[in-house]
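The values are calculated or read from the model by the stated rules, or taken from the named source; none is laboratory data. For clarity, every value in this text was computed on a predicted model and none was experimentally measured. A quick note on method: Cβ atoms are made from the backbone with ideal geometry, for glycine too, and the neighbour counts reach across all protein chains shown.
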Amino acid sequence: MLQQFWFLLLLALSILVCLVLMPPSTDQSSGYQYKPFIMWTPGDHVNDSTQNEVTYGYHPDQPLPFSHKLHAGDRDIPCQFCHSSASKSTVAGIPTVETCMGCHNYVNTDAEPIKQLKESFDKKKPIEWTRVHNLPHYVRFSHQVHLRARDSKGELLLGKTADEVCMACHGPVKEMTTASQYAPLQMGWCVDCHNRIREPATESKAAVPFAPVNCNVCHY
């Protein structure tokens, strides 16, 4: 009986050591990085916890070296020229090969990445980009709501222009090559923004948040 006890104890300790030493794994289809459960701490989806180690700064390789710095920065192309669903849908949308070829039928056609793009266009195959920003399935986020949010004077809440609104969450995209994750996108980070952006106080009324923080705003 004693031998059986020590055997089970040794087995449990061995499993625990394996879990601690097990490295995070990455879902190749979504780019989401998973941790062994032993590495998670209370509040991983709520505040700035150990989850930041695997989400903040996430910068996956992409099938084509698309440069946001060149297109959005140097050429000053608006975000919504490519991500055209952002102001009218929950998702921002990824540009189709046809959208890219609208310019690259004529621009820089001899560059190797453009030749690959043209090949995909001719074969009617989409580019299989690796997803960068990926919220948990129980979180609902709408690009449309955030891009259209305005104060009582009718001015955008999160920036002076639509592109500045995008950068409030996505960071200095105009300085990036392929996209990387700029913000942790955890619950505490989002709630802090909802609480911070307020209707200014007046003589008769205290400052109040523009955005609600009740649970069913994001979890429904």
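List of remarks:
- Every residue from region 79-117 that is surrounded by fewer than 16 Cβ atoms within 10 Å (Cβ to Cβ) and among the aliphatic types (A, V, I, L, M): VAL91, ILE94, VAL107, ALA111
- Residue check for ASP110: of a type in the set (D, E, K, R) and at pLDDT below 75: no
- Listed conditions (1) within 23 Å of ASP76 (Cα to Cα); (2) part of a loop (DSSP other than H, G, I, E, B); (3) aliphatic (A, V, I, L, M) are all met by ILE114, apart from (2).
- Considering residues of region 143-167 that are closer than 26 Å to ASP61 by Cα and not acidic (Asp, Glu) only, the residue surrounded by the fewest Cβ atoms within 10 Å (Cβ to Cβ): MET167
- Here PRO184 passes the criteria (1) under 26 Å from ASP74 (Cα atoms); (2) crowded, with 17+ Cβ neighbours inside 10 Å except the one numbered (1).
- Condition check for ASP76: more than 30 Å from THR202 (Cα to Cα) and surrounded by fewer than 17 Cβ atoms within 10 Å (Cβ to Cβ): yes
- For the residues ALA149, ALA179, the requirement of being within 18 Å of SER85 (Cβ to Cβ), at pLDDT 85 or above and touching a Leu at 6+ places or on another chain (Cβ under 6 Å) singles out ALA149.
- All told, HIS143 falls short of being modelled with pLDDT of 95 or more, touching a Gly at 6+ places or on another chain (Cβ under 7 Å) and under 28 Å from GLN186 (Cβ atoms).
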